[in-house]
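Below is one structure; the comments refer to it alone.
Where a number appears in this text, it was derived from the coordinates with a stated rule and is not lab data. The structure presented is a predicted model; accordingly, all values stated were derived computationally and were not measured. Virtual Cβ from ideal backbone geometry, glycine too; neighbours counted across all protein chains shown.
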Amino acid sequence: MVIFFQGCNHKCQGCFNPDTHPFIKKTEYPAESIIGMHYRSGIEGITVSGGEPFYQRRGLLQLLRSARDVFDLSTVVYTGFSYEKLSESSLCRNIFRYTDVLVDGRFEHSKKEPTTLARGSTNQRFHFLSCKYSASDFIMDGKIELIVGTDGTVTQTGFSKVA
Ligand code: SF4
């Protein structure tokens, strides 16, 4: 299950998800209830992406705690911040206790990931904060999604080898 947070101002050139940038309120739910509303058997874990999850740290903590303690799900979090910067905050260190894998760093278009490793660009790092996963778990099937905007622009997301 992938959960996208709303709001980001990292301004990475070529970001695949600009709809998540505005800091606007959409429909609000208690963090603890989100997984229960959409849970299906067979789900292995949640992946948190964005937007920038660490702009809503208290909600992020509640969400991850719920995933692990209530639903026994694994947790992967993508952030544009660096692990070192986030580690300066005690709240973030608490969030890391409920995070199996943190993938950090802004998306850099000039360093676009050339393989099907699950990261946008090669500067982004995998931090395995528990022993649940290893790097081989992040080599994905080569699947892409094409989004055709109302103005005709086509955006590609997913994982494919860069030609
Ligand atoms: S951190 Fe993620 S959502 Fe934010 S601009 Fe960069 S790629 Fe886009």
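What does the charge add up to near L129, with Lys and Arg as +1, Asp and Glu as -1, over the other residues with Cβ less than 13 Å from its Cβ?
Values: positive: R68, R93, R97, R125, K132; negative: D100, D104.
Summing Lys and Arg as +1 and Asp and Glu as -1 gives +3.
Give a quick list of GluC sites (Glu not before Pro) in region 3-94 that DSSP marks as loop, anything other than H, G, I, E or B, with at most 15 other Cβ atoms within 10 Å.
Details: sites: E28, E32, E44, E84, E88; in loops: E28, E44, E88.
Answer by residue number: E28, E44, E88.
222 nm [θ] for the chain, helices only, -39500 (n - 2.57) per DSSP H run of 4+, per residue, to 500? Walk me through the numbers on the way to the answer.
Values: 4 runs with 29 residues, N = 163.
Taken over the chain, the calculation gives -4500 deg cm²/dmol.
Once both labels are modelled 7 Å past Cα along the beta-carbon direction, what's the M37-E145 spacing in nm?
Distance between the two pseudo-spin positions: 1.8 nm.
One-quarter of the Cα convex hull surface for region 2-158, in nm²? It would help to have the intermediate numbers written out before the result.
Working: hull surface 39.6 nm².
That works out to 9.9 nm², a quarter of the Cα hull's surface.
Would any residue of region 48-86 have its amide N under 17 Å from a label point 7 Å out along Cα→Cβ of K11? List them or say none.
51-52, 80-81
Report the residue, chosen from Y55, Y78, Y39, that carries the largest GNM mean-square fluctuation when the chain is represented by alpha-carbon nodes joined by springs under 10 Å.
Highest fluctuation among the options: Y39.
Report the label-to-label distance for S90 and D69 in nanometres (one decimal), using points 7 Å from each Cα along the Cα→Cβ vector.
1.8 nm
Counting only DSSP beta bridges with both residues in the chain, what percent are antiparallel, rounded to the nearest 5?
50 percent
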